[in-house]
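*Asks:* Before I ask anything, here is the structure I am working with.
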Amino acid sequence: MEPEMEDNTLELMSSVPRSLWLGCSSVAESLCALRCLQSIPSTRAHNQNTSVMESQNHVDDLSPKKTTVLTKLSNGPVMTGSRKRPSEGNCDKEKEKEQCIALFDQWSETDQVEFVEHLISHMCHYQHGHINSYLKPMLQRDFITALPAQGLDHIAESILSFLDAQSLCSAELVCKEWQRVISEGMLWKKLIERMVRTDPLWKGLSERHQWEKYLFKNRTTEVPPNSYYHSLYPKIIQDIETIEANWRCGRHNLQRIQCRSENSKGVYCLQYDDDKIISGLRDNSIKIWDKQSLECLKILTGHTGSVLCLQYDERVIVTGSSDSTVRVWDVTSGEVLNTLIHHNEAVLHLRFCNGLMVTCSKDRSIAVWDMASPTDISLRRVLVGHRAAVNVVDFDDKYIVSASGDRTIKVWSTSTCEFVRTLNGHKRGIACLQYRDRLVVSGSSDNTIRLWDIECGACLRVLEGHEELVRCIRFDNKRIVSGAYDGKIKVWDLQAALDPRAPASTLCLRTLVEHSGRVFRLQFDEFQIISSSHDDTILIWDFLNVSTNGQSEGRSPSRTYTYISR
């Protein structure tokens, strides 16, 4: 295009309505339209006005209601123009809008939707964006405010009851109506109740700090207002953080039971609850201790050998001894209800649950028993396969797991008592284990602790740190606690141990040293460890009630009660 032609084209483009040349379907059509416009003489304005009037007269003859002029350039688009003044056009537009709306209102909802969909389909993306911005706030609903207005307060409360603490705090700040629903619905109380039902740590705190009495009561009974529970929640969180810090730092309050007698040389086993501690001693006796006063409440005698293992529930105590027998005692009266004579050598460990009991012995065998009642216990099956003493057993509905001095862990089917697989890895005999879900944790005389996946038999992690045989081990969802012949109790981070990326140096959280002899048995919960030792003591390591006035980290003064047999 020549310079003069280009200048004329630009001038012409600026004088022509933008809708005309943008409406062309191609560049060729645009240029063609512009050439046609250029060929119009300088008097085109006059002629255009004349043609407009003529066209108007022609159109008026065809349709008196229309006042539109059509101008067609080459094969390009059609351009429409109005002869009326802008103010008159705006008035007509408003009237047309009102007529359209009136007509639209007469249609059914389905027809209206179809029409709007058709209308939107003719719009461009830019227009769609404007419509979307307009519709968004219209589609939003404050249902928490709207539901109570319809008499559906309980639905609004139910929806908000699924919020966690942080979200519940934010919801209270939305508006007064939301705050009212949360307050009248006692949602902070419901949140705390939900935590107590699902988390053992919360449940334990509720019992120990005695705010459990304000929970799980309906509105008809006298309960504190919602504000009480709102202020209670952060106090509970603070207590939990303090307990976790005490575990990590080893801060504890220590209580000591001295259970020496003339013939006793160790406490081999124990179990406890909130009220009592039941221990099995090397002097052939079973001693029951008051957990609060630490006084000996009762002594059970009958075994002719050391009491090596025990377990109790709300009805019975079952004990195994080096005299090769298993005895069943009434937990309340202490009366012997049954004596099982089957194993040829010492009964080293036992477990019972839901009508099933499993015992293991130095005679290398495992016995599976059906417990219909304390007096009706029958032998179901004997499992043979270990090549040395079977030191420990554990089981659930799926598997029985046993560990032996032959360095192996064997897995058996609980329902059929058939052998399933062997877990190999320890370099020396295995003294202890615990099994839950898919995880098995074992301790050995090779001084190590191993974590296993029971389904595939893989060793997940090896924990090193004890200097002698690992004699006892327990774990929960957070930590592993182990005791060894080196007299030490170690606390390990279970979640870190299950993470293959975690460095070995970060796994042991704390080492507790108070026993002066071998650690034989321990049990723990969220608040405490209770352990027994060859030094004839039972230690209670309390991580909840820790005195902070001038106590060095990791140690606290002990409270001692000494029992002297008569």
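*Asks:* Rounded to the nearest whole Å², what accessible area per residue is found for segment 249-542 with the 1.4 Å probe?
*Replies:* So segment 249-542 comes to 39 Å² accessible per residue, rounded to a whole number.
*Asks:* Take the solvent-accessible surface of the protein heavy atoms, probe 1.4 Å, and return the percent of it on segment 368-477 that carbon and sulfur atoms account for.
*Replies:* Working: 1980 of 4580 Å².
Roughly 43 percent of what the probe reaches on segment 368-477 is carbon or sulfur.
*Asks:* Looking only at Cα atoms, what is the convex hull volume of segment 276-382 per residue, in Å³?
*Replies:* So the per-residue Cα hull volume is 86 Å³.
*Asks:* Once you place label points 7 Å from the Cα toward the Cβ at Gln495 and Leu297, how far apart are they in nm?
*Replies:* Taking the simple label geometry, Gln495 and Leu297 are separated by 3.6 nm.
*Asks:* Relative contact order (percent) for segment 325-467, with alpha-carbon contacts under 8 angstrom and 6 or more residues of separation?
*Replies:* The value is 12 percent.
*Asks:* While we're looking at this one, here's another question. Treating only the Cβ of Lys, Arg, Asp and Glu as charged (+1, +1, -1, -1), what charge dipole size does segment 249-542 show about its Cα centre? Round to the nearest 20 debye.
*Replies:* Using Cβ point charges on Lys, Arg, Asp and Glu, segment 249-542 gives about 840 debye.
*Asks:* How many angstrom separate the Cα center of segment 336-355 from the Cα center of segment 391-452?
*Replies:* Centre-to-centre (Cα) distance: 19 Å.
*Asks:* Which distance in nm do the two modelled labels at Ser108 and Ile131 give, with both placed 7 Å along the Cα-to-Cβ direction?
*Replies:* My value for the distance between the label points is 2.2 nm.
*Asks:* Please work out how much length the chain gains when fully extended from Lys265 to Lys203, using 0.36 nm per residue of separation minus the C-alpha to C-alpha distance, in nm with one decimal.
*Replies:* 18.6 nm
*Asks:* Please report how far the C-alpha centroid of segment 192-262 lies from that of segment 88-152, rounded to the nearest whole angstrom.
*Replies:* Result: 56 Å between the Cα centres.
*Asks:* Related question: Using a 1.4 angstrom probe, figure out how much accessible area segment 89-243 has per residue, in square angstrom, rounded to the nearest whole.
*Replies:* Numbers: 10870 Å² over 155 residues.
Counting only protein heavy atoms, the per-residue value for segment 89-243 is 70 Å².
*Asks:* Another question about this same structure. What full-extension length gain, to one decimal in nm, is calculated for Val336 and Cys91 as 0.36 nm per residue of separation minus the Cα-Cα distance?
*Replies:* Result: 77.6 nm gained on full extension.
*Asks:* Continuing with this model, one more query. State the percentage of accessible surface on segment 248-360 attributable to carbon and sulfur atoms; use a 1.4 Å probe and exclude ligands, DNA and RNA.
*Replies:* On the way: 1740 of 4420 Å².
Accessible surface attributable to carbon and sulfur in segment 248-360 totals 39 percent.
*Asks:* Per 0.36 nm of contour for each residue apart, how much would the distance between Val462 and Ser121 grow if the chain were fully extended, relative to their Cα-Cα spacing?
*Replies:* Taking Val462 through Ser121 to full extension adds about 116.1 nm, to one decimal.
*Asks:* Pop the C-beta distance of Glu98 and Ile159 into the FRET formula with R0 = 45 Å and round what comes out to the nearest 0.05. Write out the running numbers ahead of the final one.
*Replies:* Numbers: r = 42 Å, r/R0 = 0.94.
FRET efficiency, Glu98 to Ile159: 0.60.
*Asks:* May I ask you to give the percent of accessible area on segment 109-233 that is carbon plus sulfur, with a probe radius of 1.4 Å?
*Replies:* 58
*Asks:* Hey, which of these cross-link pairs are over 19 Å Cα-Cα: Lys276/Lys362; Lys235/Lys291; Lys235/Lys478; Lys190/Lys213?
*Replies:* Working: Lys276/Lys362 30 Å; Lys235/Lys291 27 Å; Lys235/Lys478 22 Å; Lys190/Lys213 14 Å.
From Lys276/Lys362; Lys235/Lys291; Lys235/Lys478; Lys190/Lys213, over 19 Å: Lys276/Lys362; Lys235/Lys291; Lys235/Lys478.
*Asks:* At 7 Å along Cα-to-Cβ for each site, give me the label-to-label distance between Glu222 and Lys398 in nm.
*Replies:* Output for this residue pair reads 5.1 nm.
*Asks:* Checking the cross-link filter: which aspartates and glutamates have an alpha carbon closer than 18 Å to that of Lys217, excluding same-chain neighbours under 8 positions apart?
*Replies:* Those aspartates and glutamates meeting the cut-off are Glu157, Glu184, Glu193, Glu207.
*Asks:* Where does the charge balance sit around Phe162 when Lys and Arg score +1, Asp and Glu -1, over other residues with C-beta under 14 Å from its C-beta? If you can, show how the numbers build up before the last one.
*Replies:* Working: positive: Lys190, Arg194; negative: Glu157, Asp164, Glu193.
For residues surrounding Phe162, the net value is -1.
The values are calculated or read from the model by the stated rules, or taken from the named source; none is laboratory data. Everything quoted here is computed from the prediction, not taken from an experiment. All Cβ positions, even for glycine, are placed from backbone atoms using ideal geometry, and neighbour counts span all protein chains on display. Just so you know, the surface numbers come from the protein's heavy atoms only, side chains and all, with ligands and any DNA or RNA stripped out. Shrake-Rupley method; radii C 1.70, N 1.55, O 1.52, S 1.80 Å.
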